[in-house]
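Let me begin by handing over the structure; questions about it come next.
The values are calculated or read from the model by the stated rules, or taken from the named source; none is laboratory data. What you see is a predicted model, and the numbers here were worked out from it, not measured in a lab. Counting neighbours? That spans all protein chains shown, and the Cβs are built from the backbone with ideal geometry, glycine included.
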There are 2 protein chains.
Amino acid sequence: MGRTAGRSPEDTRRALLDAAGEVIRTRGINATLDDIARHAGVSKGGLIYHFASKDELLREVARTLLAAFRAEVDSHLDPDDTAPGRFTRAYVRALLAPAQDPAAARRSLALLSQLSTIPAVAELVDADTERFNAELAADGLPTDVMLLVTSAADGVSSAPMWGASTTGPEYRRLEDRLIRLTHEPSLWQSLPWSS
Amino acid sequence: MGRTAGRSPEDTRRALLDAAGEVIRTRGINATLDDIARHAGVSKGGLIYHFASKDELLREVARTLLAAFRAEVDSHLDPDDTAPGRFTRAYVRALLAPAQDPAAARRSLALLSQLSTIPAVAELVDADTERFNAELAADGLPTDVMLLVTSAADGVSSAPMWGASTTGPEYRRLEDRLIRLTHEPSLWQSLPWSS
DNA sequence: GAAACTGTACCGACTGGTCGGTCAAGTTTT
DNA sequence: AAAACTTGACCGACCAGTCGGTACAGTTTC
C-alpha cells in the first residue's frame, strides 16, 4: 500500500510529532512506537521512515516544546513597551498565564522532565535555559530584582508539578505585583535591608 | 545459599531502598530490578522477597524521599525562633541550602518527577504538598508575603532542573532578603501598590 | 501517449534482546 | 523441625528496530 490518504509527508511528520507529545503525556516516556504511530494514523514502519529512532523522535518533540514556549513568551511581549524589564514582564506573564490550568501545566512539565532524562534532550534544555537567562540578564533591571521576580514566577509555574493548585486570586495579585516591581525596581531596592 | 552475611533483614531492606534511590538517580526509572538488587548485594529474588513488585519498591523509595525532605525542613527550624513565619523560614532555608549543589538537586528532582509518573506516588506527593501548604498557611504571615517568599524559594530550587546554576552570591542575597521579609512582612505590604 | 523506469512514502511480520515476576530448592535462624 | 531468608534458572510479555515488500507519483524513453 502506498500513501494512505491525500496527506502530505510534512503533515504526517507533524501528526507524528503531535501524537508523540500526546501519548507520552499520558503514558509516560515508555510509550510504544506502535502506540504513537497508530495515534497518528500510521504504522510503526511509517514512523521509523520519518524518524530514524525513538531518540530522534523524542528529541524533535522536545525541540518543538521548547520552541512553543519561546513563542509563548514572545507573544507576551508588549509592542508599546520599551521600558527596561520588557522581556522580564513577558516572561512572567507567559509563566503565570498557564498557571490557571494547573492540570495541563503539570502534564507539560512532566513531559519535559521525562524527556530531560535523555542526554541529548538535556543539552537542548540547558542551552535554552542559558539563552533565556542571558536575555533576562540583559533586560535592564537590577540583578536582584530580576532574580526575585523570575524566581517567583518559576516557583508558581512549577507548583502544579507537586499537585498544588495555582488558580486562586492571590496568584493573580502576586503576578500583578511582580510586574509592578519590574516597572519600579527601586521599590525593592530602597527597602531598608539593614541587618 | 542463605543469608549472605550477618546482615539483618531490616538492614537488607534499607540497603535495597538506598540502592534503588542511587541506581534510579543515575539510570532513570527504567533501572533494572536486577541492577538494584546487585547494587545492594542481593539477588533479584531476594529483592522481590522484600518488595512484592517494582511498583511497591518505588513507592517506598518515594515515601523515603518525602520523609527525608520533611526532616530536612524540620532540621532548619530554629528552636529559639517563636515569631510568626518560623516554619516558612525553615522551608526557605531547606530549599535554598541544596541550591549550592545544583547537580545533586537536579538528580533528586528528576528522580521525584520520574517517580511521580506512577499514580500511587503522585498521590503521596500531592498529599505531602497539601500538608506543607497547610502548615505554611497557618504560619502567621500575611498570605501575600508567604506566597511571594515560598514561590521564590520554589523557583530557585527548581531552577537546576533546567540546567541553571544557583551558586552565585546573588542567590545568597535573595535568600537573605526573603528571610528578612518573613520577619517584617509589613515591608512588603506597605509598598505603594497603587495603580 | 503508453510503456518502462525511478524514487518516495508507507506497511507489517519478524528478530533479538530486555525485563518483571515465578518457583523449586537450598541455607540459615529460632 | 519450622520459619525466615536467599538464590538463580526460567517463563512470558513486551518492544525497538529491521527488512522485504507494496503502492502511488512523477520522469524518461520510444
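Name the residue, out of A:ALA37, A:ALA83, that is in the same structural domain as A:VAL23 (by TED's automatic domain parsing), of a type in the set (Gly, Ala, Ser) and either more than 16 Å from DNA strand C (Cβ to nearest atom) or in contact with a Lys or Arg (Cβ under 8 Å, 6 or more places away or on another chain) (or both).
A:ALA37
What helices (runs of 4 or more DSSP H), lying completely within the range A:23-130, carry at least 3 residues that are more than 12 Å from the chain's Cα centre (by Cα) and among the acidic types (Asp, Glu)?
Qualifying helices (runs of 4 or more DSSP H): A:54-75.
Here's a follow-up. Tell me which residues, restricted to the range A:40-76, are more than 14 Å from chain B (Cβ to nearest Cβ), within 14 Å of DNA strand C (Cβ to nearest atom) and of a type in the set (D, E, K, R).
A:LYS44
Something else now. List, please: which pairs have Cβ atoms under 9 Å, are six or more places apart or on different chains, and start with a residue in the range B:33-47 that is near DNA strand D (Cβ under 7 Å from one of its atoms) and end with one that is of a type in the set (Asp, Glu)?
Pairs found: B:SER43/B:ASP34; B:LYS44/B:ASP34.
Pairs under 6 Å by beta carbon, first residue charged (D, E, K, R) in the range A:8-29, partner away from DNA strand D (no atom under 14 Å from the Cβ), six or more apart or different chains?
Between residues of the range A:8-29 that are charged (D, E, K, R) and residues that are away from DNA strand D (no atom under 14 Å from the Cβ), the close pairs are A:ARG25/A:ARG107; A:ARG25/A:LEU111.
If I filter the range A:128-149 down to residues being in contact (Cβ under 8 Å) with a residue 12 or more places away in the chain and within 7 Å of chain B (Cβ to nearest Cβ), which single residue comes out as nearest to B:GLU130 (Cα to Cα)?
A:LEU148
Against the condition in a helix (DSSP H, G or I) and either on the phi > 0 side of the Ramachandran plot or surrounded by 20 or more Cβ atoms within 10 Å (Cβ to Cβ) (or both), how does A:LEU136 come out, does it pass?
Against the criterion (in a helix (DSSP H, G or I) and either on the phi > 0 side of the Ramachandran plot or surrounded by 20 or more Cβ atoms within 10 Å (Cβ to Cβ) (or both)), A:LEU136 does not qualify.
OK, next. Name the residue, out of B:ALA103, B:ALA152, B:ALA122, that is loosely packed, with under 14 Cβ neighbours inside 10 Å and small (Gly, Ala, Ser).
Within the list B:ALA103, B:ALA152, B:ALA122, the selection yields B:ALA103.
Now a separate question. Which condition number does A:GLU184 fail, the rest of (1) out of contact with any helix residue (DSSP H, G or I) (no Cβ under 9 Å at 6 or more places or on another chain); (2) facing chain B (nearest Cβ under 8 Å) being met?
The number of the failed condition is (2).
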